Amino acid sequence: MFSIREVFFMKRVPFFVLMTGILLLLAAAGLTYLSSKPQGTAMARRPLQEVTAYTSLPTEAAAALSEAYEKEYNIRVNFVALSAGQVLSRLEEQSKGGKDPAALVLADRETLDRAAAVGYLVPYQSEKSDQVADGFRHPNGYWTGVWYDPVVFAVNQDYLRTHLDLPNSWKMLAEQKDIRIGTTDFMAADAASNLLYSMIAEYGEPHAFDIWRKIQPQIMQYSRYLHTPVRQAGMGEVDLSVAVLSETLRYIHDDYPIRVLYPTDGSAAVVYGTGIAFRAGEHDVQTAEDFADWLLTDEAQLALARQHIYLLTTNPVTLSYQMFAGKNINLFKSKPYFSSEEKKAMLDRWIKEVRFYEE
């Protein structure tokens with residue numbers, strides 16, 4: 001009997017097949033629930049409610065979640081798309097009594113940590129959030145991680161067939177000579193630069209830069225977009241790409257010949273979570289808490305999957321988590337929290353000492 005992991009990667013069952021299975025199970029559960037309700041107790045649909053949320057999530061993901069939640073619960077979540085810096089600025093204004101306050105923040109972990117540290121969030125814990133692993137939530141309940149998107153190795157299947165000694169760690173990748181590598185330019189995308197910052201936080205600057213100096217000669221191209229390296233691996237233009245898992249699963253869904261390897265010595269990830277904003281109205285807080293709990297369900301995961309957005313859930317109780325083959329991904333323990341000046345200095349050093357270095 002094959003394990004789910006073996007079925008997914010050895011047999012290459014497309015990711016959407018797994019999500020379709022979850023959808024069918026949820027549909028069956030829903031029908032069972034409806035059939036168990038007493039006859040003649042049809043619930044009247046409530047008037048439309050609205051709640052405002054600040055988010056650094058990609059626009060298409062926020063739209064998919066808002067649409068699904070409104071359709072099911074007749075509650076509209078008005079997402080305001082902002083950068084991490086803008087989220088903090090808006091929360092600062094709100095803490096001073098600014099107009100049109102938001103009740104919910106759906107943002108990356110660093111933004112949530114910074115907001116919690118200065119009092120822009122209030123603690124909230126529930127039965128669902130309590131199921132999330134400690135590494136994905138604030139120790140005092142100021143935010144709870146909902147999804148994460150790790151950096152992985154997307155390997156072309158032809159390369160896989162002809163090479164037995166596959167690089168499944170950063171150390172092995174740095175030592176691999178007979179390989180063509182693709183990756184996104186650290187200057188082009190936050191998820192790409194987060195990998196550099198994360199490796200520096202985990203290994204220290206000297207070791208992290210040493211790894212990339214060794215990888216550099218094998219890099220065929222630095223791309224501007226996160227999806228490009230995955231496409232290159234799928235088309236055989238490179239043998240292996242350093243890529244985010246969400247884009248890799250999108251191409252696997254489209255039947256590109258790619259296998260995913262998870263670095264055994266750890267990897268970076270962008271973690272998205274929810275926090276309840278300080279000075280939100282009492283009614284809005286309850287609505288925001290309900291929505292935050294819903295984001296930890298299979299229904300929210302399916303809303304994203306229908307739009308081909310494959311972020312990994314942090315909730316181990318969901319079918320989405322239990323059916324996904326890579327759920328035991330090893331993530332770096334150190335947090336890559338640096339000032340803007342420090343990040344700029346790291347990128348400048350990478351450009352001079354790695355990308356454009358000439359002996």
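The values are calculated or read from the model by the stated rules, or taken from the named source; none is laboratory data. A quick note: this is a predicted structure, and the numbers were derived from the prediction, not measured. A quick note on method: Cβ atoms are made from the backbone with ideal geometry, for glycine too, and the neighbour counts reach across all protein chains shown. Surface accessibility is based on the protein's heavy atoms, side chains included, excluding ligands, DNA and RNA. Shrake-Rupley method; radii C 1.70, N 1.55, O 1.52, S 1.80 Å.
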Fill in the blank from the handout: When region 338-359 is checked residue by residue, the ones that are at pLDDT 90 or above and open to solvent by 70 Å² or more (accessible area, probe 1.4 Å) are Ser340, Glu341, Glu342, Lys344, Lys352
Exercise for the section: Tell me, yes or no, whether region 321-332 has at least one residue that is among the hydroxyl-bearing types (Ser, Thr, Tyr), out of contact with any Pro (no Cβ under 6 Å at 6 or more places or on another chain) and either over 23 Å from Asp134 (Cα atoms) or in contact (Cβ under 8 Å) with a residue 40 or more places away in the chain (or both). Expected result: no
Practice task
Please tell me if Asp149 is acidic (Asp, Glu) and closer than 21 Å to Asn194 by Cβ.
Solution key: yes
Completion exercise
For Val132, the lone unmet condition from (1) open to solvent by less than 30 Å² (accessible area, probe 1.4 Å); (2) in contact with a helix residue (DSSP H, G or I) (Cβ under 9 Å, 6 or more places away or on another chain) is (2)
Fill in the blank from the handout: Subset of region 57-84, residues of a type in the set (Ser, Thr, Tyr), within 19 Å of the chain's Cα centre (by Cα) and under 18 Å from Asp293 (Cα atoms), comes to Ser66
Problem - Flag for Glu72 being in contact (Cβ under 8 Å) with a residue 40 or more places away in the chain, open to solvent by 50 Å² or more (accessible area, probe 1.4 Å) and either among the charged types (D, E, K, R) or touching a Gly at 6+ places or on another chain (Cβ under 7 Å) (or both) - result: yes
Practice task
Hand me the list of helices (runs of 4 or more DSSP H) wholly inside region 143-256 holding 2 or more residues that are in contact with a Gly (Cβ under 6 Å, 6 or more places away or on another chain).
Solution key: 228-235
Problem - Residue in region 246-269 that is surrounded by the most Cβ atoms within 10 Å (Cβ to Cβ), counting only those that are farther than 27 Å from Glu72 by Cβ and within 14 Å of the chain's Cα centre (by Cα) - result: Thr248
Exercise for the section: State yes or no: is Gly97 outside any loop (DSSP other than H, G, I, E, B) and touching a residue at least 24 places away in the same chain (Cβ under 8 Å)? Expected result: no
Practice task
Could you tell me whether any residue of region 86-101 is modelled with pLDDT of 95 or more, assigned by the TED database to the domain that holds Asp298 and under 21 Å from His308 (Cβ atoms)?
Solution key: no
Exercise for the section: Tell me, please, whether a residue that is over 21 Å from the mean Cα position of the chain (by Cα) and either open to solvent by 10 Å² or more (accessible area, probe 1.4 Å) or within 18 Å of Lys333 (Cβ to Cβ) (or both) can be found in region 141-153. Expected result: no
Handout entry: Residues located in region 192-233, provided they are open to solvent by 50 Å² or more (accessible area, probe 1.4 Å) and either of a type in the set (Gly, Ala, Ser) or within 24 Å of the chain's Cα centre (by Cα) (or both)
Key = Glu202, Tyr203, Arg224, Tyr225, Leu226, His227, Arg231
Problem - Qualifying residues in region 279-295 (those that are assigned to a loop (DSSP other than H, G, I, E, B) and modelled with pLDDT under 95) - the one most open to solvent (accessible area, probe 1.4 Å) - result: Arg279
Handout entry: Number of the exception - Tyr124 against (1) open to solvent by 20 Å² or more (accessible area, probe 1.4 Å); (2) closer than 24 Å to Tyr337 by Cα; (3) assigned to a helix (DSSP H, G or I)
Key = (3)
Practice task
Tell me the helices (runs of 4 or more DSSP H) entirely within region 296-359 that contain at least 3 residues that are in the same structural domain as Trp170 (by the TED database) and out of contact with any Ser or Thr (no Cβ under 9 Å at 6 or more places or on another chain).
Solution key: 340-350
Exercise for the section: Looking only at region 57-82, count how many residues are modelled with pLDDT under 95 and outside any helix (DSSP H, G or I). Expected result: 2
